[in-house]
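Computed from the coordinates by the stated procedures, all read-outs in this text should not be read as laboratory data. These numbers were taken from a predicted model, which means no experiment stands behind them. Positions of Cβ are generated from backbone atoms using ideal geometry, with glycine treated the same way; all protein chains shown enter the neighbour counts.
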Amino acid sequence: MPQNNQTTSTVSPELDEMTCDVIGMFLDALAEGDDPGVVVCVEDKACNRYEVVFTDDGEEACLSAAQAFVTEHAAHGVSSDGVGKLERYAIACTGCVEIDGAYENAVLVSFYERGFATGFSAYVLYDGVGAKDNFMWSDPEPAGEEPALF
């Protein structure tokens, strides 16, 4: 029986790179004291990439708009920018996670690639918004599965 080379437990190098790029951009913005909004990054099979930032509404409305953007562009991509049918996406925003009974600031990231049974999420704790070189962050930690947007 033929098998797919990609399993639901293995993140491809392309998805890993794209997700790390989004996290890095977020951390850089926070270190400078900027509000990065809600960022969507999508790629097609050839790794053509498109990014869009949602900032005009509250965080929940921006997150909903980001998710809708992915769903709406899944089948045809972003042709105006040379991105074909979406292969993978990452959505990032700021939020909080509970650690040992206390809420900590975190970059929250959802990501998915075609062929996975489900989407995944991760978080990166941070402290010192606007502190530039004194800004601190943790390594990414897994946050579980979530429904895929396509």
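Dimensions of the stretch 101-150 from C-alpha coordinates, computed as largest minus smallest value along each principal axis and given longest first, are 40, 26, 15 Å.
Measuring max minus min along each principal axis, the C-alpha atoms of the stretch 1-133 give extents of 51, 36, 27 Å (largest first). For ALA31, what charge total do you get from the other residues with a beta carbon under 10 Å from its beta carbon, if Lys and Arg give +1 and Asp and Glu give -1? Overall, the nearby charge balance is -3. Computed from Cα atoms, the angle from the helix 59-73 axis to the main principal axis of the chain rounds to 20 degrees. Only DSSP H runs of four or more residues enter the estimate; each adds -39500 (n - 2.57), and after division by the residues of the chain the mean residue ellipticity at 222 nm equals -8000 deg cm²/dmol. For the pair the stretch 109-150 / the stretch 43-65, the C-alpha centres are spaced 15 Å from each other. Think of each Lys and Arg Cβ as +1 and each Asp and Glu Cβ as -1; about the Cα centre, that makes the dipole of the chain roughly 660 debye. For the stretch 1-105, the set of GluC sites (Glu not before Pro) satisfying both a DSSP loop assignment and a count of at most 10 other C-beta atoms within 10 Å is empty.
Computed from the Cα positions only, the extents of the stretch 27-78 along the three principal axes stand at 35, 23, 11 Å, in decreasing order. A full extension of the chain between ASP21 and ASN134 corresponds to an added length of 38.6 nm, given 0.36 nm per residue minus the alpha carbon distance.
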